[in-house]
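In what follows, a structure is listed as C-alpha cells, so that the remarks can point back to it.
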Amino acid sequence: MVHMHLTSIVIAIILFFVSASMQTGSKGQKVTHMILRVFYILILITGGMVFSTAMAGNMAMQYGIKLVGGLLVIGMMEMVLVSKEKGKSNGVLWTLLIVFLVFTIYMGFHLPLGLKFW
Ligand code: HEM
C-alpha cells in the first residue's frame, strides 16, 4: 500500500507541474487539473490506509505530523492551480507548497515503512 501511495504521489506531482505550466483556461490545463483531483483522493485513501495500520506505536506523533504535512501539500497544490486559473498572483502559495512538499517527502521516507534514504 505504501508503494501505491508513492506511485500516486509521483503521478500527482507530474500532473501538477504539467497543469501549472499550461496556458490558463486551456482545455489541457482543465483536464490535467481534473485528473489531479482524482489522484488527491488516491493519495488520501492510500495514505489513510497506511496511517491507520502503522501509526499506533511510539512514532504516533511523527505519523500525525506526516498526515498534516500531506494534507497541506494537497491544499497548496489546489490553491496554486485555482489562483492561477483566476489570474491572481501566487508566489507565496508556491513557496509554501515547496516547503510543505520537501518536508512531507522527507517525513515519508524518514518513517519506518518508507524506503531508507536517511
Ligand atoms: C501530496 C501529499 C503527500 C506526499 C508528497 C507524501 C509523501 C510520502 C512519501 C514520499 C512517502 C514514503 C513512501 C515510500 O517510501 O514508499 C509517504 C509515506 C506515507 N504517507 Fe504520505 N504523502 C502525502 C500525503 C499523505 C496523506 C494525506 C497521508 C495520510 C492520510 C499520508 C500518510 C502516509 C503514511 C502513513 C506513510 C507511511 C510512512 C512510513 O511508515 O514509512 N501521506 N508519503
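The values are calculated or read from the model by the stated rules, or taken from the named source; none is laboratory data. A quick note: this is a predicted structure, and the numbers were derived from the prediction, not measured. All Cβ positions, glycine included, derive from the backbone under ideal geometry; neighbour counts span all protein chains shown.
Annotations
- The residues of the stretch 75-91 that are exposed (fewer than 11 other Cβ atoms within 10 Å of the Cβ) and either touching a residue at least 40 places away in the same chain (Cβ under 8 Å) or in a helix (DSSP H, G or I) (or both), listed by number, are G87, G91.
- Restricting the stretch 68-78 to residues that are touching a helix residue (DSSP H, G or I) at 6+ places or on another chain (Cβ under 7 Å) and closer than 17 Å to S21 by Cβ, the residue that is nearest to the ligand (Cβ to nearest atom): M77
- Verdict on G64 being modelled with pLDDT of 95 or more and small (G, A, S): yes
- Failed condition for I14, given (1) near the ligand (Cβ under 10 Å from one of its atoms); (2) within 19 Å of L101 (Cβ to Cβ): (1)
- Identity of the residue in the stretch 27-66, closer than 11 Å to S8 by Cβ and either over 15 Å from the mean Cα position of the chain (by Cα) or not β-branched (V, I, T) (or both), that ends up nearest to the ligand (Cβ to nearest atom): G47
- Scan of the stretch 104-118 for residues that are of a type in the set (A, V, I, L, M, F, W, C), crowded, with 16+ Cβ neighbours inside 10 Å and not in a loop (DSSP other than H, G, I, E, B), ordered by number: I105, M107
- Residue within the stretch 8-16 that is surrounded by fewer than 13 Cβ atoms within 10 Å (Cβ to Cβ), at negative phi and in contact (Cβ under 8 Å) with a residue 12 or more places away in the chain present: no
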